[in-house]
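What follows is a single structure, written as structure tokens, with notes after it.
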Amino acid sequence: MKPFVKPIYVTQPLLPDLGVFNKELSDTWRYHWFTNQGPKVKKLENILATRLKVQNLLLFNNGTIALLAAIKSLNLSGEVITTPFTFPATPHVLTWNNVTPVFCDIDPYTMNIDVNKIEKMITKKTSAILAVHVFGIPCDVEKIQQIAKKHNLKVIYDAAHAFEVEINGSGIGNLGDITMFSFHATKLFHTAEGGALSFKNKLLKNQLYLLQNFGIANELEVRLPGINGKMNEIQAILGLAVLRTIKRERIRRKKIKKLYIKFLKETAGIRFYEDKLHIKSSYQYLPIRINEKEFGRSRNYVYKKLKEYNIFTRRYFYPLCSEYPYYKILRSSSPKNLPVAHQVVQEVLCLPFYGNLSDADVEKICTILQSLQE
Ligand code: T4K
């Protein structure tokens, strides 16, 4: 099989119609207004709150700053229990808030924090659980809520991958104290860079708003040491235009996922996370698990070999955050504490997944993948 002529990446950002983008942009030219709570940011905020089915939403310049502000707004201290199988931003926002991340092992199926292992990680210093809906797959949210209630802990969800995910028709952003969404260019819905926080307690809105705007309450009063976390008008305009393409993209990605499953389901050693009827999927990533014994080749072998065919898959989230030198020294980072995470991180490979892939591209990727089998 010949390599692809052009590189095939794990994802490709959605490009909205330039006419729609320019039309929204022309308003900005009229208003002379680029940032600091402009009309386009407000418009996008309102539309997204409805789309995400949440009561309160605040847009940010990126997901990391949003999460940083979320931790700050809840005054978290001491230790926060989180997952090592995530993007570096998740534990980093804790460190930036002088909070120690405590890594809990993950569930072998959902790859999210293992709710049966959380309680043994709780100490007198624990102030919260920071869980990630990894690859958009929801955590065991009911059990997390029970544990949090029992131990009086706050709950923050990193829903960077979970745009418009719903459980039994309810928006995923309604859970816990605060939920963060990322709108980075690699996400299904994006604003090039961007993010949002959703939360039930509307009293948080003012605090979060101050945190994202240097703490400025009015011309004379700077109430707290805030940061610059504001989304600007160009980001919001891009978002408004991208929103119009999401429905079509989701339908296409659903079809692509079905095709991958069709071509690979008979291949020994390859497993998918299949869609669930009660969950609306984000179709953000297409992670497969490669079992080396059954497939005959390791995930790393497949990842490297695919590059020779111009296919650039990703080993999200390898290495585990608990393996970064500055987190490795933590007691919870011991591999003995994280056996499942260490196993899963050797198996996951995110395949190219975006609407512009043709059916023939998907078939070719699968054929190449199968040809690598021992
Ligand atoms: N929490 C979690 C669980 C997260 O996954 C993330 C971000 C965050 C928090 C933080 O949210 P943000 O602060 O980012 O809003 C990418 C994204 O940069 C990052 O947002 C995302 N998670 C992470 C999972 O993926 P990389 O290092 O993989 O990016 P990069 O540049 O290698 O892009 C991946 C592929 O996408 C490239 O191989 C090619 C393609 N690509 C990328 C860009 C930027 C394009 O085709 N066009 C583009 O413009 O992190």
From the square roots a ≥ b ≥ c of the eigenvalues of the alpha-carbon gyration tensor of region 121-240, which class results: rounded (a/c under 1.5), prolate (a/b over b/c), or oblate? oblate
Coordinate range along principal axes, alpha carbons of the chain, Å, largest first: 70, 56, 38
Just to be sure I understand the model, the point goes 7 Å from the Cα along the line to the Cβ. What's the resulting residue 12 to residue 329 distance in nm? 4.5
A student applying the Cα gyration tensor rule (rounded when a/c is under 1.5; otherwise prolate if a/b is larger than b/c, oblate if not) would label region 1-151 oblate
The distance between the Cα centres of region 235-312 and region 6-85, in whole Å, is 24
Assign unit charges at the C-beta atoms only (+1 for Lys and Arg, -1 for Asp and Glu), then state the dipole size of region 312-374 relative to its Cα centre in Debye, rounded to the nearest 20. 500
Can you compute the charge dipole magnitude of the chain about its Cα centre, using +1 on each Lys and Arg Cβ and -1 on each Asp and Glu Cβ, nothing else charged? Give it in debye, rounded to the nearest 20. 360
From the Cα centre of region 313-374 to that of region 102-174, the distance in Å is 21
Using θ = phi - 60° and the Karplus relation 6.51 cos²θ - 1.76 cosθ + 1.60, list the HN-Hα couplings for region 66-73 in order, rounded to whole Hz, with x at every Gly or Pro. 4, 5, 4, 5, 4, 4, 4, 5
Low-density loop cleavage sites - trypsin sites (Lys or Arg not before Pro) in region 150-218, where at most 12 other Cβ are within 10 Å (DSSP): 202
Mean residue ellipticity (222 nm) of the chain, computed from DSSP H runs ≥ 4 via -39,500 (n - 2.57), nearest 500: -11000 deg cm²/dmol
Residue 220-residue 275 pseudo-label distance in nm [points 7 Å out on the Cα-to-Cβ vector]: 5.8
Out of the chymotrypsin sites (Phe, Trp or Tyr not before Pro) in region 28-124, which ones are loop residues according to DSSP with at most 13 other C-beta atoms within 10 Å? 34, 109
What shape does region 215-374 take by its C-alpha gyration tensor, where a ≥ b ≥ c are the square roots of the eigenvalues and a/c under 1.5 counts as rounded, a/b above b/c as prolate, and the rest as oblate? oblate
Say the dipole of the chain comes from +1 at the beta carbon of Lys and Arg and -1 at that of Asp and Glu; which of 66, 303, 199 then lies farthest toward its positive end? 303
May I ask which of 202/254; 2/258; 304/364; 276/304; 187/255; 143/293 have a Cα-Cα span longer than 26 Å here? 202/254; 276/304; 143/293
Once both labels are modelled 7 Å past Cα along the beta-carbon direction, what's the residue 168-residue 310 spacing in nm? 4.9
Residue exposure sequence - 209, 326, 283 - by fewest surrounding Cβ within 10 Å: 326, 209, 283
Roughly how many debye, to the nearest 20, is the charge dipole of region 164-272 about its Cα centre, given +1 on each Lys and Arg Cβ, -1 on each Asp and Glu Cβ, and no other charges? 980
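Readers should treat all values here as calculations from the given coordinates under stated rules, not as data from a laboratory. What you are looking at is a predicted structure, and each value in this text was computed from that prediction instead of being measured. Note that each Cβ is placed from the backbone with ideal geometry, even for glycine, and that neighbours are counted across all protein chains shown.
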